[in-house]
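Asks: Quick one: structure below, then a few questions.
The values are calculated or read from the model by the stated rules, or taken from the named source; none is laboratory data. The structure displayed is predicted, hence computed values, not measured ones. Neighbour counts run over all protein chains shown; Cβ positions are idealised from the backbone, glycine included.
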Amino acid sequence: MSQQNGKIAPARGWNDWSKEGVAELINHETGVQDTRCYADEGVYQRELEQIFAKCWICVGHESQIPNVGDFITTQIGEDPVIVTRDRDNSVHVLLNQCRHRGVKVARGDYGNSRSFTCSYHGWCFGSNGDLLGMPQEDAHNGQLDKSKWGLKTVAKVDTYKGLIFATWDENAEPLLDYLGEATWYMDGVLDRSPGGIEIVNTHKWRVKCNWKWGAEQHVTDFYHAPISHISYISALVPEATIHQFTSAPVIGLQYSSPELGHGTGWFTSPNEVENQKLAKSHTDTVIKFFEDVHIPAVTERLGKTRALEMTVSHMNIFPNLTFNKGQGYMRLWQPIGPNEMEVISYIFVDKDWPDHIKEEWERSATRMFSPAGPLEQDDAENAFAAQMGVSGHIAGQNTLNIQMGDPLDAEAIGDFEGPGNISFVYSELALRGFYRRWANLMSDD
């Protein structure tokens with residue numbers, strides 16, 4: 001701490017990145033966490049450097065750029081990037097920064113263009129990032145080597161079941177190694193039918209909270225649902241009491257990958273179709289299609305467990321890629337400083353579904369989990385309230401508890417066939433796994 005004008009000014013930020021220093025922020029063994037994980041500027045800058053600049057980060061889906069010249073814009077950490085489809089059908093991920101004076105060369109969220117021209121001085125770049133030319137090129141007197149001044153490209157690009165991942169780290173492990181055993185769970189979302197999934201709508205909004213609150217909820221947290229969403233639940237079953245909701249038997253499991261930081265949770269009862277009927281989250285037409293056509297086909301393709309017995313199934317791939325199978329959204333939690341994030345929410349459907357089912361599914365998903373959706377408003381309010389709760393002088397140096405749950409033994413798991421560490425659905429095992437990976441990346445050791 002330092003003194004300015006007689007008042008105590010906060011330190012510039014946490015800067016002890018030894019193994020012991022990081023353990024003061026998060027002890028994933030004991031489940032004790034320092035609130036500075038969420039609001040400290042030093043922690044946030046370290047995340048940009050050690051996590052977003054080194055991990056494989058999802059930047060979109062191939063269905064968003066199906067044609068030559070198609071592009072979308074997004075972020076890797078705070079760095080703006082362009083995802084393009086080149087004339088040879090390859091995918092490029094380019095830093096959205098003109099090499100002359102740094103202005104973004106692509107301003108829209110998406111489009112189709114064979115080149116990108118900076119609006120400041122007119123430097124023009126190809127869809128592969130090459131510098132094509134600029135006005136008054138002769139004024140450089142032959143000193144400009146255009147081959148050296150293209151848009152900066154990421155070190156590696158790869159795809160998994162249509163998802164596009166990129167990393168700035170030349171030494172990053174192969175994408176499949178990074179995803180590891182989590183692909184078994186991802187396939188329950190991405191590979192339910194031969195055509196895979198496609199993105200049919202995109203919503204964006206901002207929340208005044210740290211990006212990790214969104215990732216955390218989807219890596220581990222079904223615990224909040226009967227409490228936070230009680231207004232929606234009670235509207236469906238008005239005769240029931242809050243006590244009945246919060247004390248009802250819960251049957252479900254959670255997966256954690258402690259070395260890789262991925263996690264997912266799901267209910268095993270009621271099953272997927274029964275849950276849709278109870279929650280009224282989709283139309284009767286969609287539910288009947290699921291019951292008669294979709295679930296039998298997925299059962300044949302992936303087996304009964306992933307088709308029917310992993311209800312809703314929230315998931316987070318470290319650091320910031322989220323799925324909710326039951327509600328049909330995929331999200332990126334984009335950091336904008338330690339106290340704000342942008343949510344990019346993609347509604348997805350199976351590409352092989354009939355058009356009328358896709359349309360009804362999209363409307364239902366928009367109604368439930370868009371910024372104005374009844375459940376999304378609950379979640380956004382929770383994240384904002386949590387950030388406010390860790391932002392005071394004393395509150396910002398306190399500790400939080402993430403000790404719930406332990407791995408289950410084989411008898412408790414039963415005949416569940418999926419890989420990884422498995423615990424009860426109301427558990428924070430996967431959250432501790434998330435922070436184990438976070439701590440390993442943040443540490444100098």
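Asks: Which one of SER269, SER313, SER345, SER256 is among the polar types (S, T, N, Q) and on the phi > 0 side of the Ramachandran plot?
Replies: Just one listed residue meets the conditions, SER313.
Asks: Here is a further query. Collect the residues in the stretch 83-108 that are among the polar types (S, T, N, Q) and under 21 Å from LYS146 (Cβ atoms), keeping them in residue-number order.
Replies: THR84, SER90, ASN96, GLN97, listed by residue number.
Asks: What do you reckon, is LYS277 of a type in the set (Lys, Arg), at pLDDT below 95 and under 24 Å from GLU417 (Cα atoms)?
Replies: no
Asks: Inside the stretch 62-83, can you point out the residues that are among the hydrophobic types (A, V, I, L, M, F, W, C) and either outside any loop (DSSP other than H, G, I, E, B) or over 20 Å from the mean Cα position of the chain (by Cα) (or both)?
Replies: Result: VAL68, PHE71, ILE72, ILE76, VAL81, ILE82, VAL83.
Matching residues to (1) at pLDDT 95 or above; (2) buried (at least 21 other Cβ atoms within 10 Å of the Cβ):
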residue: GLN4; (1), (2): no, no
residue: LYS7; (1), (2): no, no
residue: ARG12; (1), (2): no, no
residue: ASN15; (1), (2): no, no
residue: GLY31; (1), (2): no, no
residue: GLU47; (1), (2): yes, yes
residue: GLN50; (1), (2): yes, no
residue: ALA53; (1), (2): yes, no
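Asks: Among helices (runs of 4 or more DSSP H) lying entirely in the stretch 144-242, which contain 3 or more residues that are more than 20 Å from GLU381 (Cα to Cα)?
Replies: Ranges flagged: 175-179, 182-190.
Asks: Filter the stretch 92-127 down to the residues that are of a type in the set (A, V, I, L, M, F, W, C), closer than 16 Å to THR74 by Cα and in a strand (DSSP E or B) and list them by number.
Replies: VAL93, LEU94, LEU95, PHE116
Asks: Which residues, counting only those in the stretch 179-195, are surrounded by fewer than 20 Cβ atoms within 10 Å (Cβ to Cβ) and of a type in the set (Gly, Ala, Ser)?
Replies: Passing the criteria: GLY180, SER193, GLY195.
Yes/no matrix, rows are residues, columns are (1) farther than 25 Å from LYS358 by Cβ; (2) not charged (D, E, K, R):
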residue	(1), (2)
ASP145	yes, no
TYR160	no, yes
ALA166	yes, yes
ASN171	yes, yes
ARG192	no, no
ARG206	yes, no
GLU216	yes, no
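Asks: Right, something else. In the stretch 85-102, how many residues are surrounded by fewer than 11 Cβ atoms within 10 Å (Cβ to Cβ) and either outside the structural domain of LEU144 (by TED's automatic domain parsing) or on the phi < 0 side of the Ramachandran plot (or both)?
Replies: Looking only at that region, the number is 2.
Asks: Is it true that some residue in the stretch 132-153 is at pLDDT 95 or above and closer than 30 Å to LEU190 by Cα?
Replies: Checked against the condition, which is being at pLDDT 95 or above and closer than 30 Å to LEU190 by Cα, the stretch 132-153 yields at least one hit.
Asks: Go over the candidates ALA412, ALA395, ALA386, ALA365 one by one and state the one that is within 19 Å of HIS314 (Cβ to Cβ) and surrounded by fewer than 20 Cβ atoms within 10 Å (Cβ to Cβ).
Replies: It is ALA386.
Asks: So, in the stretch 424-438, exactly how many residues are outside any helix (DSSP H, G or I) and either free of Cβ contacts under 8 Å to residues at least 24 places away in the same chain or closer than 14 Å to MET315 by Cβ (or both)?
Replies: The number of residues fulfilling the criteria is 1.
Asks: Let me ask another. Got a sec? Which of ASP138, ASP109 is of a type in the set (Asp, Glu) and touching a residue at least 40 places away in the same chain (Cβ under 8 Å)?
Replies: ASP109 is the lone residue from the list that is of a type in the set (Asp, Glu) and touching a residue at least 40 places away in the same chain (Cβ under 8 Å).
Asks: Being surrounded by 21 or more Cβ atoms within 10 Å (Cβ to Cβ) and of a type outside the set (Val, Ile, Thr) is the filter here, so list the residues in the stretch 153-167 that pass it.
Replies: Hits for the stretch 153-167 are LEU163, PHE165, ALA166.
Asks: Regarding ASP88, is this residue touching a residue at least 60 places away in the same chain (Cβ under 8 Å) and over 20 Å from the mean Cα position of the chain (by Cα)?
Replies: no
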